[in-house]
Amino acid sequence: GASLLAFGVPAVVDATDQHVHSPLDVEAVIEARTLGWILERRPQTEAFVHDQVRRLALSLDRERRLFNRTQFVFTSLRPGGGTTTLVLDIARELRAIGARVVVVEANVLHPDPRLAPPEGRPGLAMVLSGAARIDDTLMPAHDGYPEYIPIGDMGGKPHLDGCRNVRPLLDRLAGRFEMVLLDAPPILYSSDAELLAGGAHAAILVVEAEKVVTGEVKRALQILRQVGPPVVQAVVNRVRDKGGMGYYAAMLKEYE
């Protein structure tokens, strides 16, 4: 009986565990390959993570060259999924390969302090509401950050006014930049993400490993497909190497 329990209990736990652990769990839901995956960041994995981010940047640049897709909306399932960091890292890599890229901060639920504008400077919120021009909001590249548009002062509002105007905004930015990366709020927590995704060429769903379940991925995918961006892809973020054991740990050792 003890021997049966030793093998049976882990098997039952694995069979009933619906959490996303690897890209394979997401691919089973979306019925396609993920755009990429990012290993959990630690000092030991930083070089490998940098290579993975570079691959994502090259994939987006390939979408631009082959299919003329230049406007990408990134949205996670839950807050804290690492979307802003991922967007900034991809933007840096795109600049490194010579692409003209701009980041648009649109996460009203949790604006990133790294993209905060100088006091009194207008942001995306005022552009969408018609109270400011794009040129007044564009922040120059500095300290490793790409050119970006901050969200600006929301005035305490929980939603962006004028989200339906995001498409002409993205089209105007496309006239100046080769790539536009929009950092949107979590798709399951903010309706703004639906409006923003519907105005872009592609939506990138950022799935945080170990924190979300496959049912949430399926629900988010259904929402995005109803909204109607031409392409919906997924990136699995913070994949764990299981304490130095398993496939991803072996891959990291081979890379080193």
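Here are a few things to note about the model shown:
- Within a Gaussian network of the chain (alpha carbon springs, distance under 10 Å), most fluctuating of ILE134, ILE149, ILE187: ILE134
- Dimensionless Rg over Rh [segment 115-181; C-alpha; Kirkwood]: 0.95
- ASN68 paired with ALA249, simple spin-label distance in nm, labels 7 Å along Cα-to-beta-carbon: 5.0
- Full extension of the segment from GLU210 to SER191, taken as 0.36 nm per residue of separation minus the current Cα-Cα distance, would add 4.4 nm.
- Three-way shape label, segment 68-188, alpha-carbon gyration tensor, a/c 1.5: rounded
- Those residues of segment 44-65 whose amide nitrogen sits under 19 Å from the label point placed on ILE97, 7 Å along Cα→Cβ: 47-65
- Residue of GLN44, GLN222, GLN233 that the Gaussian network model of the chain assigns the largest fluctuation, springs spanning Cα pairs under 10 Å: GLN44
- Bridge type composition, the chain - antiparallel percent by DSSP, nearest 5: 10
- Label-reachable residues, segment 219-255, where backbone N falls under 18 Å from a point 7 Å from ARG42's Cα toward its Cβ: 237-255
- Straight-distance crosslink candidates among lysines, where the alpha carbon sits under 19 Å from LYS211 and sequence neighbours closer than 8 are dropped: LYS242
- Cleavage-rule hits (GluC sites (Glu not before Pro)) in segment 33-130: DSSP loop, at most 12 neighbouring Cβ within 10 angstrom: GLU119
- Per residue, the chain reaches -12500 deg cm²/dmol at 222 nm when only DSSP H runs of four or more residues are counted, each adding -39500 (n - 2.57).
- Here the dipole of the chain is about 460 debye; that uses its Cα centre as origin and unit charges on the Cβ of Lys and Arg (positive) and Asp and Glu (negative).
- Rg/Rg_ref, segment 1-134, where Rg_ref = 2.2 N^0.38 Å and atoms are Cα: 1.43
- Helix 214-227 and the longest principal axis of the C-alpha atoms of the chain enclose an angle of approximately 30°.
- Each residue, GLN222 and ARG167, gets one label point 7 Å from its Cα in the Cβ direction; the gap between the two is 2.5 nm.
- Shape of segment 124-256, Cα gyration tensor, a/c cut at 1.5: prolate
- With Cα atoms, 0 to 90° folded angle of helix 2-16 axis to the chain main axis: 20
- Exposure check, 1.4 Å probe, all protein chains in place: HIS159 carries approximately 80 Å² of accessible surface.
- Spin-label model distance (nm) - ARG121 vs GLU31, 7 Å beyond Cα toward Cβ: 4.6
The values are calculated or read from the model by the stated rules, or taken from the named source; none is laboratory data. Computed from a prediction, not measured in an experiment: that's the story for all the values here. When we count neighbours, we look across all protein chains shown, and the Cβ atoms used for this are built from the backbone with ideal geometry, even at glycine. The accessibility values were calculated without ligands, DNA or RNA, using every heavy atom of the protein model including side chains. Shrake-Rupley method; radii C 1.70, N 1.55, O 1.52, S 1.80 Å.
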